[in-house]
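For reference, the structure is listed below as structure tokens.
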Amino acid sequence: MNNRRVRVVCFVVPIACLWLAACASDPADSGPKQSDLQRTLATNIPAYYSLEGFHVEASQNVGDRVRPVFKVRFKAVVQLNTETFEEGEELKDALILVPSHAKGDRAEIYGVATSTLKAGSWKTIFDFDNDPISTMGKPRSFYLGKQTYIKGSADEATYRNQLREDEAHQQQEAAARQEALRLAQLQKEEENRVRAAKSREEQMDDLRKKWDVKIPLEDFIGKVWEFGRADGSVIATGVRFLPDGRIDGYSYPNESRWGPEPNALAFYSTDGRTSTRFTSFTTVNGAWTISGPFLLYGNTTHVLREMK
């Protein structure tokens, strides 16, 4: 009888041990391993960092045994595998980088890992309380699109010197272009002046051939006149007569141009008719007065008085 009892006990004990071992190894109860969390975090940080430490401070299943969700508070230590830089001054075609951290510098990361069991493996999302990685700069190779120079380096000094030389050269070229434009403008103005003088002289020669009035041509062309009526009313002042027939200082359809006629000076309207013919030329105290009838309508006498 005693032997049978011993055999029963020996039979039951192994089954109980197997059941306890199975419960202990159930991931729904134990959650993700620290080593698994560490490896997962290592793949979630930039490649220029290495994960040097990972410590679980607290862990809790906030789900249930059917759908376990483990939240793990952790502290991690990361280390830079290369020196890093921040963006500095942007120049013409280059970017100056300011040294940020040296190779081997470390930083601590605090946060919470949330792990969910799916298809027999843990899927983990990390939520950082602090983010030192974003404030520790980036490797030089991460700054693309422009040539980069390290602030304070000999390469930066050489580049800046080249920029100054290029800028000075560009300024010299711009000044030379500006001077060439100025000289070209002066030459053009001189050519225009010579052409205008030649044209004016030719116009004066033509006028001399036609001039048949008492007042000398040069006096009439070179003086400033008041244009009015015999009753004393003034139509315009500061009038000049140009050799090409234009009237300067006054414009009106009835007095569009001027020209010499036999024993007279004439105003012409825009349609070519003679609007006024000046036939009287007198001097009073050395100043000329020229008068003549307005021919288009009415009984008006126009007067030109020399202005002093």
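Tabulated values for the structure
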{"quantity": "Under 5 Å, built H, 5+ apart or other chain: amide partners of GLY292", "calculated": "THR279, HIS302"}
{"quantity": "Prolate/oblate/rounded label for segment 217-307 (Cα gyration tensor, a/c 1.5)", "calculated": "rounded"}
{"quantity": "Phi to ³J(HN,Hα) by Karplus 6.51 cos²θ - 1.76 cosθ + 1.60 over segment 237-252, Hz, x for Gly, Pro", "calculated": "10, x, 8, 10, 10, 8, x, 8, x, 7, 10, 9, x, 7, 9, 7"}
{"quantity": "Rounded tilt (10° steps) of 2-24 against the dominant C-alpha axis of the chain", "calculated": "10"}
{"quantity": "For the chain, Kirkwood radius (reciprocal of mean inverse C-alpha pair distance, Å)", "calculated": "31.0"}
{"quantity": "In sequence order, calculated HN-Hα J values of segment 103-110 (Karplus, 6.51, -1.76, 1.60; Hz; x Gly/Pro)", "calculated": "4, x, 5, 10, 8, 9, 10, 10"}
{"quantity": "Pairwise centroid distance, computed over Cα atoms, of segment 241-274 with segment 159-237, Å", "calculated": "23"}
{"quantity": "For GLY111, distant residues with modelled amide H under 5 Å away", "calculated": "PHE74, ASP129"}
{"quantity": "Sites LEU144 and GLN79 - FRET efficiency at Förster radius 22 Å, r taken between beta-carbons, to 0.05", "calculated": "0.30"}
{"quantity": "Relative contact order (%) - the chain, alpha-carbon pairs under 8 angstrom, separation at least six", "calculated": "9"}
{"quantity": "Zero-based 10 Å bins, Cα pair distances in segment 100-224, whole percents", "calculated": "9, 14, 13, 11, 10, 9, 8, 8, 7, 6, 4, 2, 0"}
{"quantity": "Nonlocal amide H pairs with GLY245, under 5 Å, H built at 1.01 Å", "calculated": "none"}
{"quantity": "Neighbour cut-off at most 11 other Cβ (10 Å), DSSP loop, trypsin sites (Lys or Arg not before Pro), segment 54-121", "calculated": "ARG65, LYS92"}
{"quantity": "Mean ellipticity per residue at 222 nm, deg cm²/dmol - from DSSP H runs of n ≥ 4 across the chain, formula -39500 (n - 2.57)", "calculated": "-11000 deg cm²/dmol"}
{"quantity": "Rh by Kirkwood over Cα pairs, then Stokes-Einstein D for segment 27-159 at 1.002 mPa s and 20 °C, µm²/s", "calculated": "126"}
{"quantity": "Distribution of pairwise C-alpha distances over segment 207-252, 10 Å bins, in %", "calculated": "24, 49, 26, 2"}
{"quantity": "Debye, to nearest 20: dipole size of the chain, +1 on Lys, Arg Cβ, -1 on Asp, Glu Cβ", "calculated": "1420"}
{"quantity": "Folded to 0 to 90 degrees: helix 154-210 orientation relative to the chain principal axis, Cα", "calculated": "20"}
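Coordinate-derived values only; no laboratory data. Bear in mind the structure is a predicted one, so any value in this text is a computation, not a measurement. All Cβ positions, glycine included, derive from the backbone under ideal geometry; neighbour counts span all protein chains shown.
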